[in-house]
Amino acid sequence: MRRYSVALIKGDGIGPEIIDEAVKVLDAVSVQENFEITYREALLGGAAIEMTGDPIPEETVEIATSCDAVLFGAIGGPKWDDLPREKRPETGLLKLRKALGVFANLRPTIVYDELINASPLKPQVIKGTDLIVVRELIGGIYFGEPRGYDGERAYNTMVYTREEVERIARTAFQIAMKRRKRVTSVDKANVLEVSQLWRERVTAVAQEYPEVHLDHLYIDNAAMQLIRDPKQFDVVLTGNIFGDILSDEASMISGSIGLLPSASLGEKHGLYEPIHGSAPDIAGQGIANPIAAIASAAMMLRYQFGEEGGAERIERAIRRVLKEGYRTRDIASFDAKEVVTTSEMGSLIAQYASEL
Ligand code: NAD
């Protein structure tokens, strides 16, 4: 029997509700696929502040770094908005990412045919879109030194080293090998030296993956192409700031924030979480959409444990509930047969994932 340990960080707001459903689905799939997951719960964000006064207690770092993967809900809420920056829930999450050394952020954009009208884009433009943005997460202009602000003048530094670029490029090419074998690297090499290095190193790494087709786009063109014809993309590889913008743009192609998962990968660790926040406006009402969290669990099976069969079971089960017309309230206007609660949605996906 294959055994895995998962740090479970439910967090705040709808976090606990959606993570409970992800665990329900993982438990169903593990029986079918013959593996076992043990969970260790840890506190982060507002929940941690309430219990310990610290948004990321030492014990959380210990649990997160000693388990095989971290499955995370969301943190934050109005209750903690006025705290100083060091004490805020978001600081806990940034420190967790750093402690795990997760340098690659993966965000798939999935267009479910049944929800095609949820996107602000025309159905014929987005139908069949299946792309993933691979964003460098812990370098580039967000972290570059020197940086400064004196009221008159402000500056930041965009810096990447050869190692940082090659590392994220390898992640993108490895992912492409499991997909349609196409990488589009996005930069601004016509203007920025840092992008010149980016382009050179990505091109060099591509030699290690002769089966993968590589092309390059400037960020301005990429932003346009993503809306004009998203189907042309398979793996989109880019740096921190360009990836921040492109991945949000890409998420709108599928329309609903409650559906989209993400993974952040490091040399050793992986952090899996929905792209949405803690949604305090709907917390505790049993109406949150658990699909993004459940799809994040599927990514964990695929990228952390190599349990492709389990990941596919979950993804097929999600497509089936949507096809049969079950909807949580956020997506209820799109051909709903029945509006279900968070827990009912989780149970249906768990049931279908067991049957497939
Ligand atoms: P949000 O993503 O929490 O919510 C935006 C809107 O989408 C809300 O109307 C919400 O009800 C809805 N929504 C989000 N997830 C949903 C789901 N699964 N099902 C149904 N509806 C859903 O963003 P926000 O309102 O800007 O932020 C709320 C809090 O979350 C803030 O404290 C913010 O700092 C925090 N936040 C945390 C993370 C994280 O933990 N990674 C990310 C973003 C925001």
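Read-outs throughout are calculated quantities, based only on the coordinates presented, and are distinct from any laboratory measurement. None of these values were measured; they are calculated from a predicted model. Here the Cβ is made from the backbone with ideal geometry for all residues, glycine too, and neighbour counts use every protein chain on show.
What list of ³J(HN,Hα) couplings, whole Hz, do you get for the stretch 26-37 from phi and the Karplus terms 6.51, -1.76, 1.60, once you set θ to phi - 60° and write x for glycine and proline?
Using θ = phi - 60°, the values come out as 4, 4, 5, 5, 5, 5, 5, 9, 6, 10, 10, 10 Hz.
Let me check against my output: what whole-number percent is the relative contact order of the chain, with C-alpha pairs under 8 Å and at least 6 apart?
Details: 774 pairs, mean separation 81.9, N = 356.
Result for the chain is 23 percent.
So for each of 204-214, 56-66 I average, over its residues, the number of other beta carbons within 10 Å; can you give me the resulting order with the highest mean first?
56-66, 204-214
Given a cut-off of under 8 Å on Cα pairs at least six residues apart, what relative contact order in percent is computed for the stretch 23-67? Write out the running numbers ahead of the final one.
On the way: 26 pairs, mean separation 12.4, N = 45.
After rounding, I find 28 percent.
What are the semi-axes of the equivalent ellipsoid for the chain, taken as the square roots of 5 times the Cα gyration tensor eigenvalues, largest first, in whole Å?
Value: 31, 26, 21 Å, ordered largest first.
What FRET efficiency would be calculated for the residue pair MET1, GLU90, taking the C-beta separation as r and a Förster radius of 35 Å, to the nearest 0.05?
Numbers: r = 38 Å, r/R0 = 1.10.
The computed FRET efficiency comes out at 0.35.
What is the diffusion coefficient of the stretch 120-254 in µm²/s, taking the Kirkwood radius over Cα pairs and the Stokes-Einstein relation at 37 °C with a viscosity of 0.692 mPa s? Write down the numbers at each step before the final one.
Values: Rh = 15.5 Å.
In µm²/s, the coefficient is 212.
Would you please give the residues with an amide H less than 5 Å from that of LEU237, counting only those at least 5 places away or on a separate chain, with H modeled from the backbone geometry?
Those qualifying (amide H under 5 Å, at least 5 residues apart or on another chain) are VAL134, THR184, SER185, VAL186.
Sequence gap at least 6, Cα distance under 8 Å: using those rules, report the relative contact order of the stretch 267-356 to the nearest whole percent. Walk me through the numbers before you get to the answer.
Values: 101 pairs, mean separation 26.2, N = 90.
Reported relative contact order: 29 percent.
Would any residue of the stretch 219-254 have its amide N under 20 Å from a label point 7 Å out along Cα→Cβ of ARG147? List them or say none.
In the stretch 219-254, the label zone of ARG147 (backbone N under 20 Å from the point 7 Å along Cα→Cβ) covers 238-248.
Ranking PHE35, PHE72, PHE143 by Cβ neighbours within 10 Å, fewest first, what do you get?
Values: PHE35 18, PHE72 27, PHE143 15.
With the sparsest Cβ surroundings first, the list reads PHE143, PHE35, PHE72.
Against the empirical 2.2 N^0.38 Å scaling, what ratio does the C-alpha Rg of the stretch 221-319 come to? Write out the running numbers ahead of the final one.
Working: Rg = 14.9 Å, N = 99, 2.2 N^0.38 = 12.6 Å.
The reported ratio for this selection is 1.18.
Can you list the aspartates and glutamates whose alpha carbon is less than 17 Å from that of LYS323, not counting same-chain residues fewer than 8 positions off?
Candidates past the 8-residue exclusion: ASP113, GLU114, GLU312, GLU315, ASP335, GLU338, GLU344, GLU355.
So which lysines can LYS231 reach, going by Cα to Cα under 20 Å and dropping same-chain residues fewer than 8 places off?
Cross-link targets: LYS122, LYS127, LYS178, LYS181.
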